[in-house]
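**Q** Below are the structure tokens for one structure; questions will follow.
The values are calculated or read from the model by the stated rules, or taken from the named source; none is laboratory data. As the structure is a computational prediction, the values presented were derived from the model and not from experiment. Ideal geometry is used to build each Cβ from the backbone, glycine not excepted, and the neighbour counts take in all protein chains shown.
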């Protein structure tokens, strides 16, 4: 069997596990700004990367991690190399800032065409920041290849990709000719851990960086994401109330009454 070439698309996002208090609303710019939160690989894209590595565990395969950012490469993306990806390609350009789903898919599909021959593209079902879930299917449209969405398992059999597509009740087994694109759901499992030695090694390994000129991107086809509704900053008014009582049990009773009056309990 020939060596499979698998492309796993990964996105860098603010850590969705960060506390709500660390996110601030910029009403004028109509965006939520994370403060003091480290970036991570989108959890659903980690599932896609894990799916690629599982296929590599059972067959001859090369895994290429592909990511689009507007700033410099961060150690976060090198995690893909540490867990087992063979190569990482970063699409980096100021023109890639805040693109809508269609433009993002256009840029990524242009990069995939530049990669050359491939067998399988794996992407997360959605991103943890905007949750649109549109980029994966749009990439398949640009490349004119089959798309299987929301798969809980992915495997390669007899030259075809087999995905267990989640349904409202149970799942549906779908077989598609390759090349194909699969959007992967969290049911496939968490991304494996990387050893300390592999993390250190990943810091030294080269990263391929392509900009809009390398991809021959038409700037006229790049559209920024637009938000039409107002995004008001939530009120942060606070009120301090002292609970009175001569004895601890009285204070506890008064606190319970106050919480009931305020419909907290």
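**Q** Here is a list of conditions, (1) surrounded by 14 or more Cβ atoms within 10 Å (Cβ to Cβ); (2) in a helix (DSSP H, G or I); (3) assigned by TED's automatic domain parsing to the domain that holds residue 25, and residue 251 meets all of them except one; can you say which number that is?
**A** (3)
**Q** Residue 17 versus (1) in a helix (DSSP H, G or I); (2) within 24 Å of residue 189 (Cα to Cα): which is the lone unmet condition?
**A** Here residue 17 clears every test but (1).
**Q** OK, next. Checking residue 243 against (1) under 22 Å from the mean Cα position of the chain (by Cα); (2) assigned to a loop (DSSP other than H, G, I, E, B); (3) surrounded by 13 or more Cβ atoms within 10 Å (Cβ to Cβ): exactly one of these is not met. Which one?
**A** Against the list (1) under 22 Å from the mean Cα position of the chain (by Cα); (2) assigned to a loop (DSSP other than H, G, I, E, B); (3) surrounded by 13 or more Cβ atoms within 10 Å (Cβ to Cβ), residue 243 comes up short only on (1).
**Q** On to the next question. Of the residues that make up the range 162-177, is at least one assigned by TED's automatic domain parsing to the domain that holds residue 131 and touching a helix residue (DSSP H, G or I) at 6+ places or on another chain (Cβ under 6 Å)? Before the answer, list the steps.
**A** At the first step, the residues of the range 162-177 found to be assigned by TED's automatic domain parsing to the domain that holds residue 131 are 162-177.
Adding the requirement that they be touching a helix residue (DSSP H, G or I) at 6+ places or on another chain (Cβ under 6 Å) leaves none.
Checking the range 162-177: not a single residue is assigned by TED's automatic domain parsing to the domain that holds residue 131 and touching a helix residue (DSSP H, G or I) at 6+ places or on another chain (Cβ under 6 Å).
**Q** A further question on this structure: Could you check, for the range 138-153, whether at least one of its residues is closer than 16 Å to residue 105 by Cα and touching a residue at least 60 places away in the same chain (Cβ under 8 Å)?
**A** Within the range 138-153, one or more residues are closer than 16 Å to residue 105 by Cα and touching a residue at least 60 places away in the same chain (Cβ under 8 Å).
**Q** Just one of the numbered conditions (1) modelled with pLDDT of 95 or more; (2) out of contact with any helix residue (DSSP H, G or I) (no Cβ under 8 Å at 6 or more places or on another chain) is not true of residue 18; which one?
**A** Answer for residue 18: the failing condition is (1).
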